[in-house]
1. Could you say which residue among Thr235, Thr245 is out of contact with any helix residue (DSSP H, G or I) (no Cβ under 8 Å at 6 or more places or on another chain), surrounded by fewer than 19 Cβ atoms within 10 Å (Cβ to Cβ) and β-branched (Val, Ile, Thr)?
2. Check Met253 against each of (1) under 30 Å from Leu35 (Cβ atoms); (2) surrounded by 17 or more Cβ atoms within 10 Å (Cβ to Cβ) and name the one condition it does not meet.
3. Which residue pairs have Cβ atoms closer than 9 Å, lie 6 or more positions apart in sequence or on different chains, and pair a first residue in region 267-284 that is free of Cβ contacts under 8 Å to residues at least 24 places away in the same chain and not assigned by TED's automatic domain parsing to the domain that holds Val201 with a second residue that is among the acidic types (Asp, Glu) and assigned to a loop (DSSP other than H, G, I, E, B)?
4. Based on what the data block shows, is Ile256 closer than 30 Å to His321 by Cα, assigned to a helix (DSSP H, G or I) and modelled with pLDDT of 90 or more?
5. Could you list, in sequence order, all residues of region 60-100 that are closer than 30 Å to Ser167 by Cα and among the acidic types (Asp, Glu)?
6. Look at region 5-36 and say how many of its residues are in contact (Cβ under 8 Å) with a residue 12 or more places away in the chain and either crowded, with 23+ Cβ neighbours inside 10 Å or within 23 Å of Lys78 (Cβ to Cβ) (or both).
7. When you scan region 123-145, how many residues do you find that are assigned to a helix (DSSP H, G or I) and in contact (Cβ under 8 Å) with a residue 12 or more places away in the chain?
8. Can you tell me which residue within region 289-315, out of those that are in contact with a strand residue (DSSP E or B) (Cβ under 6 Å, 6 or more places away or on another chain), closer than 24 Å to Ala257 by Cβ and polar (S, T, N, Q), is surrounded by the fewest Cβ atoms within 10 Å (Cβ to Cβ)?
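The values are calculated or read from the model by the stated rules, or taken from the named source; none is laboratory data. Please read these numbers as outputs of a predicted model, since none were measured by experiment. Cβ coordinates were reconstructed from backbone atoms using ideal geometry, including for glycine residues, and neighbour counts include every protein chain displayed.
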Amino acid sequence: MKKTIPAALDMNVKGSNGSFQVKAAFRAESGVTALFGVSGAGKSTLLRMIAGTLRPAEGRIAIGNHVLFDSAKNINLKPEQRHIGYVFQDSRLFPHLSVLRNLTYAQWAGKRVSEHSLEEITTLLGIETLLQRKPHQLSGGEKQRVAIGRALLSAPRLLLLDEPLSSLDHARRQEILPYLERLRDESGVPIVFVSHEVDEVARLADTLVLLEQGRVRESGSVFDIFSQIDGTGDTTSVLLQGEVTRSDDAYAMAEIAIGGHHFQLTDHALQSGMKVRLRIRSRDVSLSRFAPVDISIRNIFPVTITSISTDDGPFAELCLHLGDVQLLSRISRKSVQDLKLQAGEQVFALIKAVSIDRSAARLQQNEISLQSA
């Protein structure tokens, strides 16, 4: 699939949805921009403003030079004039139409010509064998893939995904995530993705916008600000990206190079040359004053404590630097006291290979061929 050079979304608006007030500014460039926050943070409200179904009170929304809304210039394009693909929590397919006719409906109704062929889109989403089925004959994951395909074939400048996995069970989510990764990497369409699931953000996002009560708390590279997301309420995480340098099929082990350091993890599917995202939870990083010997833990690194944060609870969170790589460790306040840990000291970080989450891997040689296609 030939990649285009996408235009960035620039958004700076004030407005309301009933009594709920929003004031948000962010930029969404190529790849996936995740809007993340708890329910009621304003994620779907911002998507509606981008799509044109909810008018901001003031501000500006533009995709490159294509202005969607500008209160100062009295510009407010209708939804059908914005050339935006929108995928909802439920697929909203036409039940009486086949998959094929659902896919081509927007092209027919809106008289739009996609730069991607039907064959390209169906292959990308793995739905080429479903074309003659009706929606009631599809699984939840298949329905969502068809809905995404329909949106892509409408020739969108931007794709909005409003929690497209929220109605699916765990198995169906795992089924569709690889297709969303391919969509991110191969479609060339900028994607704004709404989610409140940390795992989905870790796997898909390039840019992260943290929303809180209708306002942007922070935005930037997902790798830079991922640690600000609370995972399960009792831990935080860091998200790292590296390359597989070695794999051992006999033991289903792999070695990942990140910032000049090598992390080991258990995974039978990784091959040398793959790009990999690793999510390391603070609760899985233990500390020792001395390098342990005769221990089962595979990852032992000398790190420097840069800060120690505590509150009235039983835990302390330590920020650690392994060269240019940042790690977090969540241990008990009692351990901090017993080990007499202080900022500026060097200790050893211990991370089990089985505790590291791996996602979003792909072969470098594939990526190069796609970009040059």
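1. On the way: Thr235 fails: out of contact with any helix residue (DSSP H, G or I) (no Cβ under 8 Å at 6 or more places or on another chain).
Exactly one of Thr235, Thr245 is out of contact with any helix residue (DSSP H, G or I) (no Cβ under 8 Å at 6 or more places or on another chain), surrounded by fewer than 19 Cβ atoms within 10 Å (Cβ to Cβ) and β-branched (Val, Ile, Thr), namely Thr245.
2. Result: Met253 fails condition (1) only.
3. What qualifies is His268/Asp249.
4. Values: closer than 30 Å to His321 by Cα: yes; assigned to a helix (DSSP H, G or I): no; modelled with pLDDT of 90 or more: yes.
Considered against the rule, which asks whether it is closer than 30 Å to His321 by Cα, assigned to a helix (DSSP H, G or I) and modelled with pLDDT of 90 or more, Ile256 comes out as no.
5. Glu80, Asp90
6. Total meeting the criteria: 20.
7. Of the residues in region 123-145, 10 are assigned to a helix (DSSP H, G or I) and in contact (Cβ under 8 Å) with a residue 12 or more places away in the chain.
8. Thr306
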